[in-house]
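S.K.: Below you will find the structure I want to go over with you.
The values are calculated or read from the model by the stated rules, or taken from the named source; none is laboratory data. This one's a predicted model, so the numbers in the text were calculated from it and none came from an experiment. Counting neighbours? That spans all protein chains shown, and the Cβs are built from the backbone with ideal geometry, glycine included. Only protein heavy atoms, including side chains, enter the accessible area calculation; ligands, DNA and RNA are left aside. Shrake-Rupley method; radii C 1.70, N 1.55, O 1.52, S 1.80 Å.
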Amino acid sequence: MVKPDGVQRGLVGEIITRFEKKGFKLTGLKLFQCSKDLAEEHYKDLKGKSFFPKLIDYITSGPVVCMAWEGVGVVASARKLIGSTDPLKAEPGTIRGDLAVQIGRNIVHGSDSPENGKCEIGLWFNEAEIVQWTPAQ
Ligand code: CMP
C-alpha cells in the first residue's frame, strides 16, 4: 500500500514501477480513502503503542493506493524492495532508503508474511477487485 505521503508526493508511479520491474504481477490496484475503523483493524497489533493515534491519523489523512502483487517469494521480496521500517536505517536502493527520512512518513506498507498478505488483501479489497490474469500466448 502506498501511504498518504507517498500519494501526496507523487510517488505512486515510481513504487509501482519498482514492483513491475522486479517481475511481480499486479492483480489489484485502487485509490482509496481509508476509514478510521479500517485503519484501526489493519494496525490492531500496534494498538498499545504510543504512536498508535498518530499512525491512525496519518493513514487516514488522505487517500492510499492499495495494491495486490503476485509472484515467486513476493512477500519476502517486497519487504526487501521496501526496506526497513525506519527510513534512516533502510538501505539505499530500497524505496524507503531512497525516498523517505521519517518513520512516521515511510511512504509504503508491505505485508510481513504470506498469511498476513492474504488477510490484508481480504481487508482492503472486495473479491471482485482482485483480477487473476495470464499473459497472452
Ligand atoms: P508499517 O510498515 O506500515 O507498519 C507499522 C507502521 O507503524 C510503520 O510502517 C510506521 O509507519 C509506523 N511506526 C512504527 N514505529 C513508529 C514510531 N516509532 N513512530 C511513528 N510511527 C511508527
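S.K.: In this structure, is Ile121 touching a residue at least 24 places away in the same chain (Cβ under 8 Å) and near the ligand (Cβ under 10 Å from one of its atoms)?
M.R.: On the way: touching a residue at least 24 places away in the same chain (Cβ under 8 Å): yes; near the ligand (Cβ under 10 Å from one of its atoms): no.
No, not satisfied.
S.K.: Sticking with this one: Can you pull out every residue in region 116-137 that is out of contact with any strand residue (DSSP E or B) (no Cβ under 7 Å at 6 or more places or on another chain) and either under 17 Å from Met1 (Cβ atoms) or aromatic (Phe, Trp, Tyr) (or both)?
M.R.: Residues satisfying the conditions are Asn116, Gly117, Lys118, Cys119, Glu120, Gly122, Leu123, Asn126, Trp133.
S.K.: Does any residue in region 3-26 that is at positive phi come within less than 8 Å, Cβ to Cβ, of a residue that is surrounded by fewer than 19 Cβ atoms within 10 Å (Cβ to Cβ) six or more places away or on a different chain, and which pairs are these?
M.R.: From residues that are at positive phi, the pairs are Gly23/Gly71.
S.K.: Mind listing whichever residues of region 41-85 are in contact (Cβ under 8 Å) with a residue 40 or more places away in the chain, open to solvent by 20 Å² or more (accessible area, probe 1.4 Å), more than 14 Å from the ligand (Cβ to nearest atom) and aliphatic (A, V, I, L, M)?
M.R.: Val74 - this is the single residue of region 41-85 that is in contact (Cβ under 8 Å) with a residue 40 or more places away in the chain, open to solvent by 20 Å² or more (accessible area, probe 1.4 Å), more than 14 Å from the ligand (Cβ to nearest atom) and aliphatic (A, V, I, L, M).
S.K.: OK, next. Tell me yes or no: at least one residue of region 119-131 is of a type in the set (Gly, Ala, Ser) and surrounded by 12 or more Cβ atoms within 10 Å (Cβ to Cβ).
M.R.: Among the residues of region 119-131, not one is of a type in the set (Gly, Ala, Ser) and surrounded by 12 or more Cβ atoms within 10 Å (Cβ to Cβ), which makes the answer no.
S.K.: Something else: Being assigned to a loop (DSSP other than H, G, I, E, B) and either within 9 Å of the ligand (Cβ to nearest atom) or not aliphatic (A, V, I, L, M) (or both) is the filter here; which residues of region 93-106 pass it?
M.R.: Answer for region 93-106, where residues must be assigned to a loop (DSSP other than H, G, I, E, B) and either within 9 Å of the ligand (Cβ to nearest atom) or not aliphatic (A, V, I, L, M) (or both): Gly93, Thr94, Ile103, Gly104, Asn106.
S.K.: On the basis of being open to solvent by less than 40 Å² (accessible area, probe 1.4 Å) and either away from the ligand (no atom under 16 Å from the Cβ) or among the acidic types (Asp, Glu) (or both), does Asp112 make the cut?
M.R.: Spelling it out, it is not the case that Asp112 is open to solvent by less than 40 Å² (accessible area, probe 1.4 Å) and either away from the ligand (no atom under 16 Å from the Cβ) or among the acidic types (Asp, Glu) (or both).
S.K.: Name the residue that is most open to solvent (accessible area, probe 1.4 Å), counting only residues in region 1-29 that are within 16 Å of the ligand (Cβ to nearest atom) and part of a loop (DSSP other than H, G, I, E, B).
M.R.: Taking the candidates together, the pick is Arg9.
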